[in-house]
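Just so it is clear, none of the values below were taken in a lab; they were calculated from the coordinates. Since we're looking at a predicted model, the values are computed, not measured. Glycine gets a Cβ as well: all are built from the backbone with ideal geometry, and neighbour counts include every protein chain shown.
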Amino acid sequence: MMHFWIRGSFISGFWVLFIVQDSTNIAVSLLAFAISFALFCLLSLNRALLTHYLILSVIGLSHGWVMMESLLPILYLQMLAIDASYRLSTKNLYYYLLFNGSMSILYAYSLGDFFIEIIISTVLCIILILSLNHHVVMRHEQRELYDQLLGEYRKSKRLNLSAQRNARLEERTKIARDMHDSVGHRLTALIMKLEMLSITHQDADYQDLKEMAMKSLEETRQAVSALQTEEHEGISTVVHLIRKLEAESHMLVQFTVKQGVLSIPLTNQKSVVLYRVIQEALTNAMRHAQSREVDVTLGKAATGAVSFEISNAVFDSEPFTEGFGLTNMKKRVDEVKGSMEIYRTEKKFIVSGMIPV
């Protein structure tokens, strides 16, 4: 938006000079200025750009021929050409520069003053504008290449996350199978043997041993069952979900997990609240921040609670107001007896808080 107003101020400035210095009919000049500014606003639609620029040039030159006798219209055309170098394709820019250059030379010839100087300045301006357009096109192509590479990186990251998850599940399943086949079968055989000995010898010690073996078998079965299912609680699951969210979005998340955080025994309810808070903060950054980079830090407070901080850079000075999403997150954190703060510094927007164990 700022670029729009800067460009608009240049066009408005030229028309003010036209009207103040040389215009013989202010009413007609004001009408031409109004039409030109309306066409300039239509450029933001990115439709029929070449046509709009040609009409702007024709209005400026026509006004110069009819209402004034100065070189300002030529400078006006050069300013329009510089603006067009950022918005037109290379092919359309060639057509526009050919038209503007021809009209500038014809206008200078009709005035009869500084004809050679105008030709030289027009040629130099065309060379400068073509060089500027080449730079803009190269930067645009680099941006497209960067977006493609970023897309491929996120795709490979998603595949890598999926492969890591499958590898973990496969390893856990293998360990569970080995425990079931070796330890479980041996404990079962031991229990059967102790049962036979307790019947044969009628000794209470054999019964105690059998009960201990049965408890060990039950614990082994619970361990096998836990290994065969995915983890759904704890900080490690939150980290995994945030990494997945990063891979599926257009954000670059700088994730910092401080020492001791992964060992905090967080319940499933509190894990969900923590994940939703970070998810909402990332969504808020994607909507309102001009930067794609977000810093997420998870730490361990002195009280043993999980501390979190999500921050992103801000570049505008608009006042900050809490939306529905962040307000709802505050309520969810309050429900688990936690705390959450949302504030803004000169350069950063920060969401921080703590969730007790």
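Phi angles of segment 183-197 translate, via the Karplus equation with coefficients 6.51, -1.76, 1.60 and θ = phi - 60°, into HN-Hα couplings of 5, x, 5, 5, 5, 4, 5, 5, 4, 5, 5, 5, 4, 5, 5 Hz per residue; Gly and Pro are given as x. When the chain is described by a simple charge dipole with +1 on each Lys and Arg Cβ and -1 on each Asp and Glu Cβ, the residue from A189, Q259, Q21 located farthest towards its positive end is A189. For the Cα atoms of the chain, what angle does the longest principal axis make with the long axis of helix 90-111, in degrees from 0 to 90, nearest 10? Around 20 degrees separate the two axes.
Between Q21, Q148, Q202, find the one with the highest GNM mean-square fluctuation for the chain; connect C-alpha pairs within less than 10 Å. Top of the fluctuation ranking is Q202. To the nearest ten degrees, helix 26-42 and the longest principal axis of the Cα atoms of the chain are 30 degrees apart.
Please compute the Kirkwood hydrodynamic radius over the chain, one decimal place, Å, based on all pairs of different Cα atoms.
The answer is 27.4 Å.
Where the alpha-carbon atoms of segment 235-355 are placed on the principal axes, they occupy 40, 28, 23 Å, in descending order.
So how tilted is helix 204-227 from the main axis of the chain? Cα-based, degrees 0 to 90, rounded to 10. So the helix axis and the longest Cα principal axis differ by about 10 degrees.
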